[in-house]
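Written below as structure tokens is the structure these notes are about.
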Amino acid sequence: MKQGHSSFQNVAIYARVSHVKQVAEGHGLESQITRCREFAEQKGYNVAAVFTDEITGRVEKRPGMNAMMSFLKKKANNTHVVIIDDISRLARNVPTHWKIRDQIAAVGASIESPNLEFGESSGPRLIENMMAAVSQHHSQRNGETCFDRMRARLLGGYWVFREPIGYKLKKLPDMVSFS
């Protein structure tokens, strides 16, 4: 079946942020959903459901993703499109990306995004593979950067971990260094 065909009417939106803190202090889910709704409207699609997760994209099993897959399986006789804001919202590593992509295809649904044209021919699949690899690299690089900065703070005399049970962290005035 051809991706992006105008006969698709019903869509499910999937949005994901990596951490609950991003929900409390940002608008990551809200902006992804808004962008996906706008894309659906431009294509003349009906948004049937919205699914979200607040979990890393490196894992395949996620509550919102599981709920979406159940929804798609129940609607298997009605072809659906899954709209994602960006390929990194689907997964943050190549194997997970393709597992999820294959699960979505297995229930007769396809994926669309305002940022990327998905397809089954060699060109779109090459671009999709490269974008999934870039997403994986970005995730790994973020982890390395976080580790390096935490290590530097630790070497600078700061406690960078959760406080031990029974202790409370207290912010002290900046220490003055004399050379």
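FYI, it's all coordinate maths here, none of it is from the lab. Bear in mind that the values here come from a model prediction, so they are computed numbers and not experimental data. We place every Cβ from the backbone using ideal geometry, glycine too, and count neighbours over all the protein chains shown.
When Lys and Arg each count +1 and Asp and Glu each count -1, what net charge do the other residues less than 13 Å away from Met69, Cβ to Cβ, add up to? Intermediate values should be presented prior to the final figure.
Working: positive: Lys61, Arg62, Lys73, Lys74, Lys75, Lys99, Arg101; negative: Asp53, Glu60, Asp102.
With Lys, Arg at +1 and Asp, Glu at -1, the neighbours total +4.
Please tell me the relative contact order of segment 10-138 in percent, rounded to the nearest whole number, where contacts are Cα pairs under 8 Å and at least six residues apart.
Value for segment 10-138: 28 percent.
Around Gln103, with a cut-off of 10 angstrom between Cβ atoms, what is the net charge of the other residues, counting Lys and Arg +1 and Asp and Glu -1?
On the way: positive: Lys73, Lys99, Arg101; negative: Glu60, Asp102.
So the surrounding residues net to +1.
Would you mind computing Rg(Cα) / (2.2 N^0.38 Å) for segment 47-97, counting N as its residues?
So the Cα radius of gyration is 1.15 times the expected 2.2 N^0.38 Å.
With the Cα gyration tensor of segment 111-179 in hand, convert its eigenvalues to equivalent ellipsoid semi-axes via √(5λ) and list them largest first in whole Å.
Gyration-tensor ellipsoid for segment 111-179: 45, 15, 10 Å.
Out of Thr145, Thr96, Thr34, any idea which swings most in a Gaussian network model of the chain, alpha carbons joined below 10 Å?
For the chain, modelled as a Gaussian network with Cα springs under 10 Å, the answer is Thr145.
Please give the net charge around Gly57, taking every other residue with its beta carbon less than 10 angstrom from that of Gly57, where Lys and Arg add +1 and Asp and Glu add -1.
Details: positive: Arg16, Arg58, Arg62, Arg89, Arg92; negative: Asp53, Glu60.
Net local charge, Gly57 excluded: +3.
When ranked by the protection proxy of mean other Cβ atoms within 10 Å per residue, highest first, what sequence do the peptides 113-126, 156-169 form?
Peptide ranking by packing, descending: 113-126, 156-169.
Using only the Cα atoms of segment 61-179, construct the convex hull and provide its projected area averaged over every direction, in square nanometres to one decimal.
If I average the Cα hull's projected area over directions, I get 12.4 nm².
Most exposed first by the Cβ proxy, i.e. fewest other Cβ within 10 Å, how do Met150, Met65 rank?
If I rank by nearby Cβ atoms, fewest first, I get Met150, Met65.
Which of His80, His138 comes first, and how do the rest follow, when ranked by fewest Cβ neighbours within 10 Å?
With the sparsest Cβ surroundings first, the list reads His138, His80.
Have a look at Ser139, Gly156, Pro114 and report the one farthest towards the positive end of the charge dipole of the chain, computed about the Cα centre with Cβ charges (Lys/Arg +1, Asp/Glu -1).
In the chain, that residue is Gly156.
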